[in-house]
Amino acid sequence: MTVTATPEIGMVVVQPTAFCNIACTYCYLPDRSNKHVIAQSTVTRLFEQIFASGWSCPEITVIWHAGEPLVVPVSFYREAFATIERMRPASVHVKHSFQTNGTLIDAEWCALFKDWSVGVGVSLDGPRELHDLHRKSRSGKGTFDKTIAGIRSLRENHVDFHVISVLSHTSLDQPEELLDFYLSEGIDQICFNVEESEGDHVSSLFHGPELRIRYAAFLRSFWHLARQSGRVRFVREIDLALPRLFRPEGVPARNIQVEPLAMLNLDSHGNVSSFSPELLGLKNKDYRDFLLGNINFQSLQEIRDTCLASALYRDITAGVQACSRSCDYFSVCGGGAPVNKLFENGSFTGTETSYCTLTQMVPTDLILEAYDRLAYRPATEAPRPVASLSPVHSGDTAA
């Protein structure tokens, strides 16, 4: 992998606070009780640096995430959004997005979402018995009722949204039940995360070939049932893989998790990381805290220089090069997710992980399987579409 002449910043993940109002059993994020809130001056400084650098992609997605962003008041975001808009160059479009547990959504939040065309992702693991297994309040009670109330508020106020569901041992056996539930709640844009081992959380799922077979069976069944229903607009695992598979010849698949500063991550104190957003706030004996500087005290150029000179970047690059030599899926994936390499394999320099098997290999196999069926269908039989492409969401961050 070669370093581009200049960074191309396409995604900015901002942690308005580390605090979360609930306590999911599989959450890997540290410092979840810290109620510190990012200063408006830090937000201003960050976007001053981004816009002045000339490194912005034509569209930047700003994801307010990591902790529960809705514990910070609506007024904070109205001020921050207005400040960013005033500074924004005419050549750059800024799209704001929230990843939320949904428990605090009400009419006031919906008004903000509509006024600023905010993308909304809600973490919902399915019907009550699945959701409440892991998504619990700080007192240990289920959060299903509050999350569903938030989703219904979005629907009543005509706010577009998608859900991210974490798949566990139990839900992997229930594709039909999950689809029936989503449709009953008017949910037509769906993303899946398989429970991962990250930070101090160790996944309860087994790994290896058995998990790949089981997840492939789940996703194949869910996708086909969703198509047959005619009521699902977007299944992230399929719809994001399609353009990576069927792209113009000579156009590489971009992986912003391995490009310096392409994904810029900021915590509530102004500390900056890059690559996988989950690295922000985590610590490791070899790489310490994965931080590249603080936007309050360093320029973006200084932060980039630190990044390029770091062992972190050196080893992530080595891992990408190893993937390019050994993996048949490299042209689709582009080198994997560094955070999963570290926590699954113990090093950024490794290659295949359960995460890349499930998020890249399985969808690729299923799409090619469906394509082959279309290619060999008798001419007298009318083909059905493989899938309908929908707007791309920035819902890849863990929920």
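The values are calculated or read from the model by the stated rules, or taken from the named source; none is laboratory data. Worth saying up front: this structure is predicted, and the values here are computed from it rather than measured. All Cβ positions, glycine included, derive from the backbone under ideal geometry; neighbour counts span all protein chains shown. What goes into the accessible areas is simple: the full protein's heavy atoms, side chains included, and nothing from ligands, DNA or RNA. Shrake-Rupley method; radii C 1.70, N 1.55, O 1.52, S 1.80 Å.
Tell me the trypsin sites (Lys or Arg not before Pro) within the range 131-184 that lie in a loop according to DSSP and have at most 14 other beta-carbon atoms within 10 Å.
Arg138, Lys141
Counting only chymotrypsin sites (Phe, Trp or Tyr not before Pro) that sit in a DSSP loop (anything but H, G, I, E, B) with at most 12 other Cβ atoms within 10 Å, what is the longest stretch of the chain containing none of them?
Excluding the exposed sites themselves, the longest stretch runs over 1-205.
In percent, what relative contact order does the chain have, based on Cα pairs under 8 Å that are 6 or more apart in sequence?
18
Report, largest value first, the span of the C-alpha coordinates of the chain along each principal axis, in whole Å.
On the principal axes, the chain reaches 65, 50, 42 Å in Cα extent.
Take the residue pairs Lys35/Lys146; Lys114/Lys146; Lys35/Lys136; Lys95/Lys341 and return only those whose Cα atoms are more than 25 Å apart.
The answer is Lys95/Lys341.
When Lys and Arg each count +1 and Asp and Glu each count -1, what net charge do the other residues less than 11 Å away from Leu104, Cβ to Cβ, add up to?
-2
Could you list the trypsin sites (Lys or Arg not before Pro) in the range 9-76 that lie in coil according to DSSP, counting only those with at most 15 other Cβ atoms within 10 Å of their Cβ?
Those satisfying the criteria are Lys35.
Ordering Lys95, Lys283 by accessible area with a probe of 1.4 Å, largest first, what comes out?
Solvent-accessible surface, decreasing: Lys283, Lys95.
What 222 nm value per residue comes from the helices of the chain, counting each DSSP H run with n ≥ 4 as -39,500 (n - 2.57) and dividing by all residues, nearest 500 deg cm²/dmol?
Mean residue ellipticity, 222 nm, calculated: -10500 deg cm²/dmol.
According to a simple spin-label model (label point 7 Å from Cα along Cα-to-Cβ), what is the distance in nm between Ser331 and Ser310?
3.2
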